[in-house]
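> Pasting a structure below so you can have a look.
Every number here is computed from the coordinates shown, using simple stated rules; none is lab data. Computed from a prediction, not measured in an experiment: that's the story for all the values here. Quick reminder, even Gly has a Cβ in these numbers, built from the backbone with ideal geometry, and neighbours come from all protein chains shown.
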Ligand SMILES: *Cc1c(COP(=O)(O)O)cnc(C)c1O
Ligand code: SF4
């Protein structure tokens, strides 16, 4: 499978000049956000549209023309469509799931800053995203009526907290999507963190290269380059998201000296087969993006229909370990509900080592792995 040569623009966007299409401001301003707009793109029954209307009253809808152009909109199970189109299952609250299973809100010493591990923390700098992923594990942040853009004072409290915690050597700037902030605001925030002596490394978590790749401009790269060492984690979930445009966005970051890694979420109907996962990981390796994590989908309210069981993930991982290049294999992790942290999920490697008959070299007499 190769990168798609170009996105196919549908309907209303057929005649948009290249210079607009490749301008992120145009993409951002022309996001499809309402059901009446959606109605023009998909042919759905009035009942379905009415259901969607109910969903977006709780979880808003937003998708860029670029991402929309990658979708086969006529297919309701298109793996990109399901990541961004509202689904009535999101508001079936009888299924269970909780808004914040990782108890992030309880691990916040100051609002918006999650400090769970000794050496690193997460700063939730905004609740705005270019596209709202239906499977998002922080859906609670962008539910209707949540404060969206954060004030400087709010951000200053985080900076003060990090300054007072000498063990914090890495700050992960996340959200929402931090690349929806203004360049000036982002530059200011990263600069403030950079000026704290014990903060050695910054990390940005953003889906922008996947959903609005034209936002990765020379100017933005110049800003980010200034705050290195800076690592960038994005979220490709399906091989069709790897396009000429998203590849270019990653390439520009890499050329600015910013390593790009990927955190996928294991999603039912999107990437829960070995074949799709393998195509995704090979595609990432081709564009020099290192697969970092594959997340087990959390029991977050409104995402139940995306969850696979852990056995599905384990089987895919076993296949990957046996067959594909080590550089392509992410760690499959589960963030334990209750805020206890991430644990890797392995196919039992202990058993397979023993099967090879090398016990005498690898184990001591008490059968402990050395
Ligand atoms: C996931 C996460 C991190 C980052 O963990 P890594 O294993 O370094 O990627 C940091 N803080 C919190 C609260 C997290 O959930
Ligand atoms: S971009 Fe990230 S924070 Fe925003 S909706 Fe998607 S997964 Fe959630």
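> When you look at residue 280, is it surrounded by 23 or more Cβ atoms within 10 Å (Cβ to Cβ), touching a strand residue (DSSP E or B) at 6+ places or on another chain (Cβ under 9 Å) and in a helix (DSSP H, G or I), yes or no?
Answer is yes for this residue.
> Further question: Could we say that residue 161 is assigned to a helix (DSSP H, G or I), within 15 Å of ligand 1 (Cβ to nearest atom), more than 29 Å from residue 271 (Cα to Cα) and out of contact with any helix residue (DSSP H, G or I) (no Cβ under 8 Å at 6 or more places or on another chain) here?
So residue 161 fits the description; yes.
> Hey, can you tell me all the residues within region 107-129 that are within 16 Å of ligand 2 (Cβ to nearest atom), on the phi < 0 side of the Ramachandran plot and assigned to a loop (DSSP other than H, G, I, E, B)?
Within region 107-129, 125, 127, 128, 129 meet the criteria.
> Pull out all pairs, ordered by first then second residue, where Cβ-Cβ is under 6 Å, the residues are six or more apart or on different chains, the first lies in region 119-131 and is touching a residue at least 24 places away in the same chain (Cβ under 8 Å), and the second is within 10 Å of ligand 1 (Cβ to nearest atom) and not in a strand (DSSP E or B).
Listed by first residue and then by second, the contacts come to 121/115.
> For region 81-106: of the residues being in a loop (DSSP other than H, G, I, E, B) and touching a helix residue (DSSP H, G or I) at 6+ places or on another chain (Cβ under 6 Å), which is farthest from residue 27 (Cα to Cα)?
Step by step, filter region 81-106, then rank; the result is 95.
> Here is a follow-up. Do we find that residue 196 is more than 22 Å from residue 340 (Cβ to Cβ) and within 16 Å of ligand 1 (Cβ to nearest atom) in this structure?
no
> Could you count how many residues in region 287-346 are assigned to a loop (DSSP other than H, G, I, E, B), within 23 Å of residue 240 (Cα to Cα) and touching a residue at least 40 places away in the same chain (Cβ under 8 Å)?
9
> Could I ask something else about it? Please indicate, with yes or no, whether at least one residue in region 110-127 is more than 19 Å from residue 233 (Cβ to Cβ), in contact with a helix residue (DSSP H, G or I) (Cβ under 9 Å, 6 or more places away or on another chain) and within 16 Å of ligand 1 (Cβ to nearest atom).
Yes, the conditions are met somewhere in region 110-127.
> For region 177-206, which residues satisfy the criterion of being away from ligand 2 (no atom under 16 Å from the Cβ) and assigned to a helix (DSSP H, G or I)?
183, 184, 185, 187, 188, 189, 190, 191, 192, 193, 194
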